[in-house]
Structures are given as C-alpha cells and as structure tokens.
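Read-outs throughout are calculated quantities, based only on the coordinates presented, and are distinct from any laboratory measurement. Model, not experiment: these values are computed from the prediction. Backbone-built Cβ (ideal geometry, glycine too); neighbour counts: all protein chains shown.
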Amino acid sequence: MIELRNAVKIFEKGTAIEHTALNRLSLHVEKGEFVTILGSNGAGKSTLFNAICGTFLLDSGRVLLDGNDITYMPEHKRSAMIGRVFQDPMKGTAPHMTIEENLSLAYSRRHAKPLSFAPSRRQTALFRERLAEFGMGLEDRMKTKVGLLSGGQRQAVTLLMCTIVPPKLLLLDEHTAALDPATADKVMAITRKAVEDDHLTTLMITHNMASALSTGTRTIMMDEGNILLDLSGEEREHTSVDDLLKLYAGSKHRAFDNDRMMLQ
Amino acid sequence: MKLFIGSLQLGLLYGILALGIYISFRILSIPDLTTEGSFAFGLSVSAAVTAAGHPLLALPASLLAGACAGAVTGILQTRYRIHPILSGIITMSGLYSINLMVLGGAPNLSLVRASTIFKIVPFLSKNDAMTVLPIFFAILCTAAIILFYHTHLGMCIRAVGDNEEMVRASSINVDACKVLAFSISNALIALSGAIIAQYQGYADISSSTGILVVGLASVIIGEAVFGRRGITLGFISAIVGSLVYRYIIALATRYSPLDAYMLRLVSAVIVGITLAMPAVKSNLAAARQKRGGAQDD
C-alpha cells in the first residue's frame, strides 16, 4: 500500500547544523495494516510523515502509494488520498467556519463539484449521522464555529474530516497527545472504530509504549532516521513494554559497539 | 433631498468596491494594494470603451481588466512568493502606466458627449436611472458574491483565509484559490470604477488615490453596525458600511468647516482608530490589571 525505498532527507545541507532526518529508510506497509510508530524526539517520525505527504521532496529515494510512484506529486494532490491528523487540534480545522462547513470541505475532496452549493442537504444528513456516532453531542452543534469547540471535540471533527471519505492512507501524528487522559481515550476509541470500520491502512505516531503495543497490528521503533525495530504478529504479542525498552537499549548499544569497532 | 439621493447613489456604487475589499481584507486577511490600480483600471477601460460607443460592453471589459490585475498580484504572491503588500504595490505601479495608455496618454477623459448606461435605460430618465442602476448593480453583485461564497469553491477560498495549513493538507490547491480570490476581488473593484466613470461622466486617473482606505473604512463601519458574523452578513455590511460612509462624508463636508480635500484624512483617521481599537483595549485592560495588582499588595 505505502512503500518508501531508501528515503533520504537531509536538512540544512552543507551547513554546521546539517541534520540527517531520514537515513536510507525503507518501509513497506500492507493494505489494512495499522502500524504504530515509536521513537524519541528527532528520530524522524514526523519527517517520515512529511515525506509521505509531500510537505517537502526527498533528497533521494522513492515514495509509492498503492503501487503509484508519488515521489514528485504535489502535496495537495497527494492529500486527496491521504488523511492526516496532527497533534495540535488547531491545525486540522478552519476555526471561523462551522462544523458542517469544515466537514463539507473534507467530504468534497472526492465529490467535488466546484460550483455546487455546500454543504448540501444530503451532506448535512450524512454528517449528522456520523457525528452522532461519537456520542459527544456534536450532531446538534453543526452550525457552531469549530473555533468554539474544545481540543478533544476539534480532534474528533478532524478525524471525521480525514475519514469521511475513506483515505488510502491515514496518518496520525500523536493526535491525542495534547488532550487530557479521558478525552484522549475517547478520541482513541473513535480512531480505532474508524480504522476498523473502513479497514484503513494507518500509521500512528505515539509516545505511549503501552498503547503502541496494544493498538494496531504492527509496531516499529525509529531512531536517527531509520527503523530500529519492526514487530508484528506473534513476536509483537509476546512483547511487553519492558522488553521494548530492553530491545531499544540493546540495539542502541550494538550500534555504539559497531562504531567503536570501526574506529579501531 | 439631493444630498440624500446623491449619497445613496455613490454609497451603492462604492459599495461594490467595498465588496471587493471585503474579500481580500476579511476573507483572505491580506490588505490588497492592487485596489488603487484596479479601480482606476476599471475607470479607464470603462471610459475608453464608452467613448468608443459601447457603454454596455464597458462593464464586462472592466470586470475582465480587474480580474487580470488581481490575477497578476495573486500569481506574484503565490507562485513567486513575493510579499503580499509588495506584490500589490508592484501591480498598482504598473497599472498607472497602463491606465494612462488606456486613456490615450491623458490623465482624464470626458464622457459628456458619449452615450452612457445611464442614458440608454428604457422607460427611465437619466436622473431616475442614476438611482435605479446603482440599486440594481449593488443588489446583483451582492447576491452573486454571496451565492458564490456558499459554493464548494467559495468555501475553499474562505478556508484558505482561515487556516491555510489545513487547506494545504486537504487536497485543495491553495495557490489557485488565492489567485481566484484576488481576481474576483479586483474584478468587483474595477466594476465599481467602471460604473462610477459613466456615472460621473468622466474618468480621472487620480481619483483612485487612497481608494483602498475608502473601501476599508466602509468595511469597518459596516462591521461596527452589524458586528463580525457570517459571510452573508459580512458582504451586506460592506454595502451598508459604504452607504453610512457616504452619509458621514456628505454631512462632514456640508456642516463642518472641513474642505473636501480633507476627506481622505478623515477616512484614514477612521480606519486607523478602528484598527487600533483591539490593541488599545488590551493595553487598557493590562493597565487596569496592574493597578489592581498594586492595590492587593
């Protein structure tokens, strides 16, 4: 479904602060997989997402989505196929537009008739039905400006915007990190349901190791612009948070040892 | 009575300009200096085409002229990433020469002998037409623009002004939306100029100096009347603001010692004060808080 081949991205190339954000990273995700991504700050998790979305172009390597090479496709064309939810609830919605207008904007990405009135009555009915599933009472506030909603409500709306037309790929960038624990659980439950209902291929960045292992079908851990660990199936089921920490420390160690050997 | 009717006519015609300004200033949140050029562009094109004997054709011609001017600014801003204000200034400066060219190298052109849209309306005298046509055009433009901003495309433009980053991540071509918005904005501004040229019976290249401030004042006064609510009320308030502005001007010139040449200063002061209000308010609140804090000690 989504594939990166030897992706390289170097920021501030040729300066003192040169930084390799993606270091010959290759990743292949099958259709319907739900991959959780762990990694410390600066490991390249968000850079990976930006590379997939086309926020910038790769220095080298290819990006393939559903078999098509999208390495040089402009961002707005890719986003017709990719849904992305950010950590910051302010990022995914237009604050001065109503809930239904925001949803209509997202819905029209595949049903776009530029000069038809939006949102249409048929759309409104659909939005109401989908919002009601959240149990947040948002279906009765369709004409409320999104800027007046709480962070959790905004993330729920953003999530619906990203999935109302099922995308080929859903990217979740720590989308519950800015929410209080109860709201985060709620948004996480909505996420799981949305992903399961439409069998969405999903990548989710998280800092929570326990939820990384309990959510989805596969877990990868990133470090220094590459993939350090890739767990799935039975191996993943038998992995605990402690194991994960040990594995992480272990592989870091090995890397150091290798360096030392090379220097000698 | 004459003052009342005259201000009504002018208020409605400049109201079309205010609609255009509302698009750039409030929807895109970019004050667009192209206005100063595109208003005169509409004025000149309309005068030239009218003088050539086609007063009706003058209106679509000006619309197109304004749209092109807006597109140039939009492309400079998006594709070539020139600062928004600077791109407006570049287009505006270039248009100055173009406008002189359109007017045949002279800074003004009289239409006294030409047939204008106000003289060719069936069943209406010229005097009546000068009231009826502004009402007709103001309603037509307001309705059309309100309808447009309720379509999917119009909604995309609003979203671009509201949260550009989100729109970039949602399959809408932000740059195309901006160029389109500037085109529509300047098309309206040029149309306003076009009708005003025929209304006055002459085109003068200097009449567009400071016109941006006039439009901004209208938008701001309109918001003072209606508040800042939805898009539909926004456009209506721009027209109403323009009417109120004309009445203020009419009263000011008639009952105050101000000379007519002071008008732009009055407009500038109105706009300056209104835009400074939020900062003044928060400064006052901060000062109050500081005093309050001192008392608690």
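For the pair segment A:158-221 and segment A:4-44, the centres of their Cα atoms are 20 angstrom apart.
Which pairs in the list A:77/A:193; A:31/A:113; A:91/A:145; A:9/A:45; A:77/A:113; B:2/B:126 are over 18 Å apart, alpha-carbon to alpha-carbon? Please report the intermediate quantities before stating the final value.
Working: A:77/A:193 27 Å; A:31/A:113 29 Å; A:91/A:145 15 Å; A:9/A:45 12 Å; A:77/A:113 16 Å; B:2/B:126 15 Å.
Those over the limit are A:77/A:193; A:31/A:113.
Between 0 and 90 degrees, the angle of helix A:151-163 with respect to the longest Cα principal axis of chain A falls at about 90 degrees. About its Cα centre, the dipole of segment A:1-108 is roughly 240 debye, where the only charges are +1 on Lys and Arg Cβ and -1 on Asp and Glu Cβ. Amide H to amide H distances under 5 Å link residue A:218 with A:34, A:36, where only residues 5 or more positions off or on other chains count and H is placed in the peptide plane. Calculated FRET efficiency, residue A:240 to residue A:56, Cβ-Cβ distance, R0 = 30 Å: about 0.20 to the nearest 0.05.
Backbone phi angles across segment B:174-181, fed through the Karplus curve with coefficients 6.51, -1.76 and 1.60 (θ = phi - 60°), yield HN-Hα couplings of 4, 4, 4, 4, 5, 4, 4, 5 Hz in residue order; Gly and Pro are listed as x.
Using R0 = 35 Å, the C-beta based FRET efficiency linking residue B:269 and residue A:150 works out to 0.30.
Give the longest segment of chain A that steers clear of trypsin sites (Lys or Arg not before Pro) in DSSP loops with at most 13 neighbouring Cβ atoms within 10 Å, not counting the sites themselves.
On the way: sites that count: A:13, A:31, A:110, A:143.
Segment A:144-264 is the longest.
Magnitude of the Cβ-charge dipole of segment A:2-242, K/R +1 and D/E -1, about the Cα centre, nearest 20 debye? Could the numbers behind the result be given before it?
Numbers: 28 positive and 30 negative charges, 239 e Å.
Here the size comes out at about 1140 debye.
Computed 3J(HN,Hα) for segment A:94-106, one whole-Hz value per residue from the Karplus formula 6.51 cos²θ - 1.76 cosθ + 1.60 where θ = phi - 60°, is 8, x, 8, 10, 6, 4, 5, 5, 4, 5, 4, 4, 6, glycine and proline marked x. Spin-label pair residue A:230-residue B:232: with each label point 7 Å from Cα along the Cα-Cβ axis, the two points sit 5.5 nm from one another.
If you count, for every residue in B:170-177, the Cβ atoms of partner chains within 10 Å of its Cβ, what is the mean?
6
Taken along the Cα-to-beta-carbon direction at a fixed 7 Å, the label points for residue A:72 and residue B:96 span 4.3 nm. Under a 5 Å amide H cut-off, with hydrogens placed 1.01 Å from N, residue A:227 pairs with A:26 among residues at least 5 apart or on other chains. Between the Cα long axis of helix B:84-102 and the first principal axis of chain B there is an angle of about 10°, rounded to the nearest 10.
Considering Cα pairs under 8 angstrom that are at least six residues apart, work out the relative contact order of chain B and quote it in whole percent.
On the way: 474 pairs, mean separation 99.9, N = 297.
In percent, rounded to a whole number, it is 34.
Taking Cα centre as origin and charging only the Cβ of basic (Lys, Arg, +1) and acidic (Asp, Glu, -1) residues, the dipole magnitude of the protein assembly as shown rounds to 1920 debye.
Excluding residue A:26 itself, calculate the net charge of residues whose Cβ lies under 14 Å from the Cβ of residue A:26, where each Lys or Arg counts +1 and each Asp or Glu counts -1. Could you put the intermediate results ahead of the total?
Details: positive: A:5, A:9, A:24, A:62; negative: A:3, A:230.
With Lys, Arg at +1 and Asp, Glu at -1, the net is +2.
Near the amide H of residue B:202, within less than 5 Å, lie the amide hydrogens of B:111, all on another chain or at least 5 residues away, with H placed in the peptide plane.
Here the Gaussian network model covers chain B, with springs between Cα atoms less than 10 Å apart; of B:136, B:182, B:235, B:136 fluctuates the most. If you plug the beta carbon distance of residue A:115 and residue B:176 into 1/(1 + (r/R0)^6) with R0 = 22 Å, you get a FRET efficiency near 0.90. Does the protein assembly as shown classify as rounded, prolate or oblate by the C-alpha gyration tensor (a ≥ b ≥ c root eigenvalues; a/c under 1.5 gives rounded; else a/b over b/c gives prolate, otherwise oblate)? It is prolate, given that a/c is not under 1.5 and a/b is the larger ratio. As I understand it, the value is the acute angle between the Cα axis of helix A:241-263 and the longest principal axis of the Cα atoms of chain A; what does it come to in degrees, rounded to 10? Taking the Cα atoms of chain A, the angle to A:241-263 is about 40 degrees.
Name the shape class, rounded, prolate or oblate, that the alpha-carbon gyration tensor gives for segment A:1-75, where a ≥ b ≥ c are the square roots of its eigenvalues, rounded holds for a/c under 1.5, and otherwise prolate holds if a/b is larger than b/c and oblate otherwise.
Judged from the Cα gyration tensor, segment A:1-75 comes out oblate (a/c at least 1.5, b/c at or above a/b).
Electrostatic tally near residue B:118: other residues with Cβ closer than 13 Å to its Cβ, Lys and Arg +1, Asp and Glu -1, net +1. Is segment B:41-101 best put as rounded, prolate or oblate by its Cα gyration tensor, with a ≥ b ≥ c the root eigenvalues, rounded for a/c under 1.5, and otherwise prolate when a/b is larger than b/c, oblate when not? It comes out prolate by the Cα gyration axes.
Spin-label model, residue A:132 to residue B:164: label points 7 Å out along the Cα-to-beta-carbon direction sit 4.0 nm apart.
Could you tell me what percent of the DSSP beta bridges with both partners in chain A are antiparallel, to the nearest 5?
Details: 21 of 37 bridges.
Roughly 55 percent of the beta bridges in chain A run antiparallel, per DSSP.
Here the Karplus curve 6.51 cos²θ - 1.76 cosθ + 1.60, taken at θ = phi - 60°, turns the phi angles of segment B:33-45 into couplings of 6, 3, 2, 4, x, 6, 5, 5, 4, x, 4, 5, 4 Hz, with x standing for Gly and Pro. With contacts taken as Cα pairs under 8 Å and at least 6 residues apart, segment A:2-242 reaches a relative contact order of 29 percent.
Helix-derived [θ] at 222 nm for chain B: sum -39500 (n - 2.57) over DSSP H runs of at least 4, divide by residue count, nearest 500?
Numbers: 11 runs with 220 residues, N = 297.
It lands at -25500 deg cm²/dmol.
Compared with the direct C-alpha span, the chain from residue A:211 to residue A:1 gains 73.2 nm at full extension, assuming 0.36 nm per residue.
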